[in-house]
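So the structure is just underneath, and the comments pick up after that.
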Amino acid sequence: MKVNLRDVSFLILVRIDSIERLENICVVVNSLNHFFDTNIYVMEADKYNNKILYRMLKSKCKYIFHEDRDYVLHKTKLLNILTKYVLTEYVCLLDADIVIDKDAILTSVDMLRNQNLDVVYPYNGTCYNVQNVMRDIFMTHKSLRFLKNNTGKMDFLYNYRVVGGILILRYEKYNLIGKENEVHYGWGNDDYDRYTRFKNNNLQIK
């Protein structure tokens, strides 16, 4: 039975620039849809809509196409557009390439609901890069246990603590800090900018 997360909106921004990205976003949405009774919003930003992603996901999420002819994906600007669909108390910002850990998400939402917290990162800041054979095995079996048992065979995505990829927070507090800072053009530094604004506004972070 699906777990009730109707008070959470999962926001995923994507541009399909490879077959791998297409496979990744489908795995992410299928996992969310399998485990949770929730709200999933996927925005595809691109020059034109070939409807491939729409056909694959239309019954599993709210699909939004945004025409975007910018060569660079202006992530912060597009996320701010996507947030306008949120009608829930909590929002999850989720990259299209993040493997879902059901228990970590449930624990995070429970913390937001029952503790005096504003933002929860459902991981410890370490992000692994799942490539080649490891990725092939995971895509075949969709086993999170397999990945956890083989972290020693994977490289870190970055050699420092990261504060992006996935986070869950109170939508009211997200509005308080001004949501995404559109000064950041592209992606990467926006995650650290957001985290710094959380800290500067004394939000309670776990």
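The values are calculated or read from the model by the stated rules, or taken from the named source; none is laboratory data. Since we're looking at a predicted model, the values are computed, not measured. So basically every Cβ, Gly included, is an ideal-geometry build from the backbone, and we count neighbours across all protein chains shown. Accessible surface is based on the protein model in full, side chains and every heavy atom, while ligands, DNA and RNA are left aside. Shrake-Rupley method; radii C 1.70, N 1.55, O 1.52, S 1.80 Å.
Observations
- Residue separation of VAL183 and ASN132 scaled by 0.36 nm, minus their Cα-Cα distance, works out to 14.9 nm of gained length.
- Whichever aspartates and glutamates have a C-alpha closer than 18 Å to that of LYS153, once near sequence neighbours (fewer than 8 apart) are set aside: ASP136
- The heavy atoms of THR140 offer some 100 square angstrom of accessible surface to a 1.4 angstrom probe.
- Unit charges on C-beta of K, R, D, E only; dipole of the chain, Debye: 360 debye
- In the full protein context, the chain carries 55 Å² of accessible surface per residue, based on a 1.4 Å probe and ignoring ligands, DNA and RNA.
- Beta bridge orientation in the chain: antiparallel %, DSSP, nearest 5: 30 percent
- In plain terms, the chain from LYS84 to LEU176 could stretch by 31.7 nm, reckoned as 0.36 nm per residue minus the Cα-Cα distance.
- Under 18 Å from the GLN204 label point (7 Å along Cα→beta-carbon), backbone N, segment 98-126: 107-122
- Among HIS74, HIS141, HIS34, the largest mean-square fluctuation in a Gaussian network model of the chain, built with springs joining Cα atoms closer than 10 Å, belongs to HIS141.
- Calculated [θ] (222 nm, deg cm²/dmol) that DSSP helices of n ≥ 4 give over the chain, each run adding -39,500 (n - 2.57): -11000 deg cm²/dmol
- In a simple Cβ point-charge model (Lys, Arg +1; Asp, Glu -1; nothing else charged), segment 27-108 has a dipole of about 360 debye relative to its Cα centre.
- Remark: segment 183-197, residue by residue, has Karplus-estimated 3J(HN,Hα) of 4, 7, 10, x, 7, x, 5, 4, 5, 6, 4, 4, 4, 4, 5 Hz, where x stands for each Gly or Pro and the curve is 6.51 cos²θ - 1.76 cosθ + 1.60 at θ = phi - 60°.
- Around the amide H of VAL3, modelled in the peptide plane, lie the amide H atoms of PHE36, ASP37, all under 5 Å away and 5 or more residues distant in sequence or on another chain.
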